[in-house]
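Encoded as structure tokens, the structure appears first; notes follow it.
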Ligand SMILES: C[S@@+](CC[C@H](N)C(=O)[O-])C[C@H]1O[C@@H](n2cnc3c(N)ncnc32)[C@H](O)[C@@H]1O
């Protein structure tokens, strides 16, 4: 395995994933009941942007572009505040939290974090960063897909599972995800599962999204954000986070507020856009007044270009 997230921390994929992750945690912790957060591909938990990340500078097109934004919608403002907390108040951004770091900061005393990481050195860094001083945290070194079999259903009966693999072999990873989700859903059908995926060409993920929509869940939603046209197989143009059993209102906030804002702010050319798209939707999950969010959130909803604004040159 060659993948090191330290080279990609804070990039456009992390922005979408982590804003959505904080939204999921906010909505799921609105109820008092304890929650399990299972991160199947956890990474190191936090990253120094002056280290490996400085060799790609991907973060400059992600968190770097948004740093100091004054007009961010609430979901993005909450994520920026979370990143600022890792940066001594936040004049300059030099550290970026990973998903385990963000989750640890936003979960409560009654919640639990189970963090899986396959690479021993990365798992050790994660342990040092989080597990030693936080009794809610358990780091498991090994295969994250196996964790869905070994640790579900959780005694808490409520859980959020983040599946965020490196996609070194895209099709093989898609197959592994679908197999693992089938097993997870069999054991824990009411869990919330969030699956991040890169978008190079939109057509390359279409089959995977159909497979996600065919899983035995009541509802499945995907949130996508791309900064350039999704027509090149050579680079990551955007990414998506599919959510099985999404909490109520995740789609409304995303489509009416933070996804269009992010698409505009992160756009690298006119091909940028976003969509909030139901892969499967049970009747009861429909909002009371669907006309409040016209056209969005319906199966087959159009892919949206970013709201018109002059694309910013890369900084
Ligand atoms: C995209 S990174 C995770 C980033 C992290 N979720 C975040 O948002 O900060 C993927 C991680 O999965 C690890 N990994 C790769 N294959 C794995 C497997 N089968 N099980 C668990 N971890 C794996 C890699 O070492 C890498 O650290």
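Here, each number is a calculation from the coordinates, and none is a lab measurement. Given the structure is predicted, the values throughout are model-derived calculations rather than measurements. Neighbour counts are summed over all protein chains in view; Cβ atoms, including those assigned to glycine, are modelled from backbone coordinates with ideal geometry.
Computed across the chain, the Kirkwood hydrodynamic radius from all distinct Cα-Cα pairs reaches 19.5 Å. Using Stokes-Einstein with the Kirkwood hydrodynamic radius over Cα pairs, what translational diffusion coefficient do you get for the stretch 139-235 at 25 °C and a viscosity of 0.890 mPa s, in µm²/s rounded to a whole number? It diffuses with D of about 168 µm²/s by this estimate.
In terms of the Cα gyration tensor, with a ≥ b ≥ c the square roots of its eigenvalues, is the stretch 1-75 rounded because a/c is under 1.5, prolate because a/b exceeds b/c, or oblate? Judged from the Cα gyration tensor, the stretch 1-75 comes out oblate (a/c at least 1.5, b/c at or above a/b). In this rough spin-label picture, where each label sits 7 Å from Cα along the Cβ direction, the residue 31-residue 77 distance is 2.8 nm. For the stretch 43-96, dividing the convex hull volume of the Cα atoms by the residue count gives 84 Å³ per residue. Taking other C-beta atoms within 10 Å as the exposure proxy, 79, 278, 67, 226 rank 67, 278, 79, 226 from fewest upward. Between residue 257 and residue 146, the C-beta separation translates, for a Förster distance of 45 Å, into a calculated FRET efficiency of about 0.75.
Between the stretch 104-125 and the stretch 1-72, what is the separation of their alpha carbon centroids in Å? After rounding, the separation between the Cα centres reads 14 Å. Annotation: extensible slack from residue 52 through residue 138 equals 28.4 nm (criterion: 0.36 nm per residue apart, minus Cα-Cα distance).
Over the C-alpha atoms of the stretch 40-193, the Rg to Rh ratio, Rh being the Kirkwood estimate, stands at 0.98. For the pair residue 1 and residue 206 in one chain, pulling the backbone fully straight at 0.36 nm per residue adds 71.2 nm over the alpha carbon distance. The alpha-carbon atoms of the stretch 230-288, seen along their principal axes, cover 39, 23, 13 angstrom, with the largest extent given first. Of the residues 282, 183, 253, the one with the fewest other Cβ atoms within 10 Å heads the list, and the complete ranking is 282, 183, 253.
Compared with the direct C-alpha span, the chain from residue 172 to residue 283 gains 36.6 nm at full extension, assuming 0.36 nm per residue.
Give the shape of the stretch 62-140 as rounded, prolate or oblate, defined through the alpha-carbon gyration tensor: a ≥ b ≥ c are the square roots of its eigenvalues, a/c under 1.5 means rounded, and otherwise the shape is prolate if a/b is larger than b/c and oblate if not. Since a/c reaches 1.5 and a/b is larger than b/c, the shape of the stretch 62-140 is classed as prolate. The modelled label-to-label distance for the pair residue 121/residue 235, using points 7 Å beyond Cα in the direction of Cβ, is 2.8 nm.
Sorted fewest first by neighbouring Cβ atoms within 10 angstrom, 239, 71 come out as 71, 239. The antiparallel fraction among DSSP beta bridges confined to the chain stands at about 60%.
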